[in-house]
Amino acid sequence: MDYTGKRAVLAGAGVMGASLALVYAKAGFSVTLYDLCEDELARGRGRLAASLQTLLAEGMLSPDEAEAILGRIDYTSDKACFQSAFLILENITENLSAKQSFWKEASALAPSGALLATDTSGLSIGEIGEAITGPERFAGQHWLNPPHLIPLCEVVKGEKTAPETMAAMVDIVTFLGKKPVVLERDIPGFITNRLQFALLREALHIVESGAASVEDVDNTVKYGLGVRYACLGPFDTADLAGLDNFDKVSTRLFGQLSAAKGPDPLLHGLVEQGSLGVKSRKGFYDYSDGKDSAAIRRRDERIIRLAKCLFS
Ligand SMILES: NC(=O)c1ccc[n+]([C@@H]2O[C@H](COP(=O)([O-])OP(=O)(O)OC[C@H]3O[C@@H](n4cnc5c(N)ncnc54)[C@H](O)[C@@H]3O)[C@@H](O)[C@H]2O)c1
């Protein structure tokens, strides 16, 4: 379906909401970015402008396209915006009761045929949906940060999500020029975080065993596995390597891998000391003296180069 001119209300003008407003407006939706107050909206507008500037500087948009995108976005803290929504995509703070009270109001105000989606990373779609009027029209749209550069969107079925809602969400994500994957069940962590945290658990285990340094584990992913994973999934990789080989290795190796259930001592210990990563200028690495902004810049430059190569 052609969604040009349909009204998408993006609720929450933070890191994800501002970037997704750009994604929706770039594809042709009329976008309303909604937040609690003018200060948050101003911050969101600044984030959106910075992301747009990056796309312009990288030649991923022309100045005319950028202007047209900005013309399709308005900003409000007035809940009346929900009344004219074709779709509401919620990107507010990751807290169950905050999301439930948001949805209780928003779903009651939205037209009965409106589609409703949450970008929660870790909460249950079914539990958020308990607060919703018409939960059959509600599903997860889980994006990866920054969504204006990363194509993936996990479309997640809640207990009460109707099949037509799932089909519409997949169609919308495709219209946005992005790549939908479908979760038929609302499993904790969806696909992305289950894979990401399985890798992190094993990375921590390797470092804690003294077998390799943090830097060498990171380099193994950046210069080895990650290059392959930008092109192939784990099943593609196994097929190409030979399933008999992967069967033999997994039989020998699975019992050696970390099966830790609780908080990890290394990770938890850093958090207890106030080492929270880039945002506190110390984590697994040191980010003092401007190394924090350099790390963010380097990440963005590399993701942009990769996105241009693989997806533009
Ligand atoms: N940051 C990420 O990497 C990432 C990735 C995928 C999904 N998510 C999910 O996206 C959601 C938003 O994350 P974020 O990182 O953008 O958060 P953020 O803290 O940057 O932004 C949240 C915004 O929501 C606003 N807000 C809070 N309550 C509100 C309400 N009732 N109505 C309207 N606005 C409200 C806040 O004012 C703030 O501007 C979370 O559910 C998070 O789990 C985040």
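The values are calculated or read from the model by the stated rules, or taken from the named source; none is laboratory data. The shown structure was predicted, so the numbers you read here are calculated from the model rather than taken from an experiment. Here Cβ is always computed from backbone atoms with ideal geometry, including for glycine, and neighbour counts include all displayed protein chains.
Structural remarks
- The range 51-64: number of residues that are loosely packed, with under 14 Cβ neighbours inside 10 Å and either touching a helix residue (DSSP H, G or I) at 6+ places or on another chain (Cβ under 6 Å) or part of a helix (DSSP H, G or I) (or both): 4
- Residue check for F254: under 20 Å from S213 (Cβ atoms) and either loosely packed, with under 12 Cβ neighbours inside 10 Å or not basic (K, R) (or both): no
- Condition broken by C153, with the remaining ones in (1) farther than 22 Å from D35 by Cα; (2) surrounded by fewer than 23 Cβ atoms within 10 Å (Cβ to Cβ); (3) at pLDDT 95 or above satisfied: (2)
- Every pair of residues 6+ apart whose Cβ atoms lie under 8 Å, when the first sits in the range 143-166 and is assigned by TED's automatic domain parsing to the domain that holds E94 and aromatic (F, W, Y) while the second is surrounded by fewer than 17 Cβ atoms within 10 Å (Cβ to Cβ) and modelled with pLDDT of 95 or more: W143/L152
- Selection count, the range 261-312, where residues are of a type in the set (D, E) and surrounded by fewer than 14 Cβ atoms within 10 Å (Cβ to Cβ): 4
- Answer residue from the range 75-86, given it is assigned to a loop (DSSP other than H, G, I, E, B) and more than 12 Å from G12 (Cα to Cα) and is nearest to the ligand (Cβ to nearest atom) among those: D78
- Test: residue in the range 92-108 that is within 16 Å of the ligand (Cβ to nearest atom), under 24 Å from K179 (Cβ atoms) and either assigned by TED's automatic domain parsing to the domain that holds I303 or under 23 Å from the mean Cα position of the chain (by Cα) (or both): yes
- When L89 is tested against the conditions (1) within 16 Å of the ligand (Cβ to nearest atom); (2) of a type outside the set (V, I, T); (3) assigned to a helix (DSSP H, G or I), the lone failure is (3).
- Some residue of the range 110-126 being more than 29 Å from E184 (Cα to Cα) and away from the ligand (no atom under 13 Å from the Cβ): no
- Scope the range 122-143; condition buried (at least 17 other Cβ atoms within 10 Å of the Cβ) and part of a loop (DSSP other than H, G, I, E, B); matching residues: L123, S124, A131, I132, G134
- Listed by first and then second residue, the pairs linking a residue in the range 92-103 that is free of Cβ contacts under 8 Å to residues at least 24 places away in the same chain to a residue that is near the ligand (Cβ under 8 Å from one of its atoms), with Cβ atoms under 7 Å apart and 6 or more places separating them unless they lie on different chains, are A98/I92.
- Selection count, the range 1-47, where residues are assigned to a helix (DSSP H, G or I), within 10 Å of the ligand (Cβ to nearest atom) and either farther than 21 Å from P151 by Cα or in contact with an Asp or Glu (Cβ under 8 Å, 6 or more places away or on another chain) (or both): 8
Rundown of residues vs (1) part of a loop (DSSP other than H, G, I, E, B); (2) within 30 Å of I150 (Cα to Cα), yes/no style:
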site: A203; (1), (2): no, yes
site: A211; (1), (2): yes, no
site: E215; (1), (2): no, yes
site: D218; (1), (2): no, yes
site: F235; (1), (2): no, yes
site: K248; (1), (2): no, no
site: G255; (1), (2): no, no
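- Residues in the range 258-284 that are closer than 30 Å to L52 by Cβ and not in a helix (DSSP H, G or I): L276, G277, R281, G283.
- Search result, residues across the range 186-200 that are surrounded by 16 or more Cβ atoms within 10 Å (Cβ to Cβ) and of a type in the set (D, E, K, R): D186
- Test for G71: is it away from the ligand (no atom under 13 Å from the Cβ), modelled with pLDDT under 95 and more than 17 Å from the chain's Cα centre (by Cα): no
- For E184, the test of being modelled with pLDDT under 95 and over 12 Å from the mean Cα position of the chain (by Cα) is failed.
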